[in-house]
Amino acid sequence: MKTQFILHCWLDVEGILGVSKKPFMKKLRSGTWTKRRIHIFKNYTLRSLLNQSFDDFRIFLFCGQRFRAITEGFDLETDRVEKIYDYGQRVYQEIEADRVSIMRIDSDDLFHEKMMMNIKSFVSDGHKMFSFRHVIQWNILRNFISDIVFPVSPFTNHVFPKAVYKNFDLFQMLQFGGYRSAPELWPKKFPRVCVIRHRENVTWTRIGKDPRSNRYFHEEMVKRNNIILGRSAIIKRLKPFGISAEMVSKRKDQ
């Protein structure tokens, strides 16, 4: 049975799941935000995706229509990324595999170099839906790493047969379903996802926290069990995620 492995990478935060109706998102979303976000994708997220030990997968970057001129004109310097403007309606009609395996990632997160190899193994073992709840978060503004557990993880993999992914209405409905029931298969001691905290992080904007602030820094020191400080330790921890020493700076305004 042939499986097409795909990464759904979301740059479009104004169209997915109706989030554009949120007041904070209307305020946040701008051409400047889009430029900064695609810059983060190119220089951080994309490096981790191109660093995978198993590379037989496609990368779909879902972009919004509102700032299409910006996203279309941005040179990612690779032909691995396919920019999508119709939520995949056209591209999925062209796929002829027996099934598709879709892993979701935001455009400012990182995957461990063996992530896609692990996903391939889980799919080969017959798992149709699974998630990664235990992750690490890297604050590039204050240079520290801590852990975090998502009660409902956005890092979820779904496997769909051709009968589903060829039916776009059904496919669009099902690909966002099952998050709460998706089991975590990977041991929590070895996180495969790194969440980046940066100046315009969407989640922190929504809940009113500033990852640059001293208050946020001290809160993390208290509530997290695994804190990594020091540039050399951070470099070592992030190397499997495609991050080089040059990318771990001491600056506080990234």
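Answer with yes or no whether Val159 is within 30 Å of Asp86 (Cα to Cα) and either touching a Lys or Arg at 6+ places or on another chain (Cβ under 7 Å) or not aliphatic (A, V, I, L, M) (or both).
So Val159 passes the test.
Of all the criteria given as (1) in contact with a strand residue (DSSP E or B) (Cβ under 7 Å, 6 or more places away or on another chain); (2) among the acidic types (Asp, Glu); (3) without any contact (Cβ under 8 Å) to a residue 40 or more places away in the chain, the one not satisfied by Asp79 is (1). Scanning segment 88-142 for residues that are aromatic (Phe, Trp, Tyr) and either farther than 19 Å from Ser53 by Cα or touching a Pro at 6+ places or on another chain (Cβ under 8 Å) (or both) gives Tyr92, Phe130, Phe132, Trp138. Inspection of segment 182-189 identifies no residue that is of a type outside the set (D, E, K, R), assigned to a helix (DSSP H, G or I) and either touching a residue at least 12 places away in the same chain (Cβ under 8 Å) or in contact with a Gly (Cβ under 6 Å, 6 or more places away or on another chain) (or both).
Evaluating Phe160 against the criteria (1) under 30 Å from Phe217 (Cβ atoms); (2) crowded, with 17+ Cβ neighbours inside 10 Å leaves one unmet condition, (1). Within segment 215-229, not a single residue is modelled with pLDDT of 85 or more and buried (at least 18 other Cβ atoms within 10 Å of the Cβ). Restricting segment 164-181 to residues that are touching a residue at least 40 places away in the same chain (Cβ under 8 Å) and touching a strand residue (DSSP E or B) at 6+ places or on another chain (Cβ under 8 Å) leaves a set whose member that is surrounded by the fewest Cβ atoms within 10 Å (Cβ to Cβ) is Ser181.
Scan Ile6, Ile16, Ile38 and give me the residue that is more than 18 Å from Glu72 (Cβ to Cβ), at pLDDT 65 or above and not small (Gly, Ala, Ser). Break it down stepwise before answering.
Details: Ile16 fails: at pLDDT 65 or above; Ile38 fails: more than 18 Å from Glu72 (Cβ to Cβ).
Result: Ile6 is the single residue among Ile6, Ile16, Ile38 that is more than 18 Å from Glu72 (Cβ to Cβ), at pLDDT 65 or above and not small (Gly, Ala, Ser).
Selection over segment 134-163 of residues that are in contact (Cβ under 8 Å) with a residue 24 or more places away in the chain, closer than 12 Å to Arg180 by Cα and more than 13 Å from the chain's Cα centre (by Cα) gives a count of 1.
Can you tell which of Val159, Val135, Val123 is at pLDDT 95 or above and part of a helix (DSSP H, G or I)? Result of the check over Val159, Val135, Val123: Val123. The conditions are (1) modelled with pLDDT of 95 or more; (2) closer than 24 Å to Lys166 by Cα; (3) in a loop (DSSP other than H, G, I, E, B), and Ser101 fails exactly one of them. Which is it? Looking at each condition in turn, Ser101 falls short on (3).
The values are calculated or read from the model by the stated rules, or taken from the named source; none is laboratory data. Just so you know, these numbers come straight off a predicted model, no measurement behind them. Heads up, the Cβs are rebuilt from the backbone with ideal geometry, glycines too, and the neighbour counts pull from every protein chain shown.
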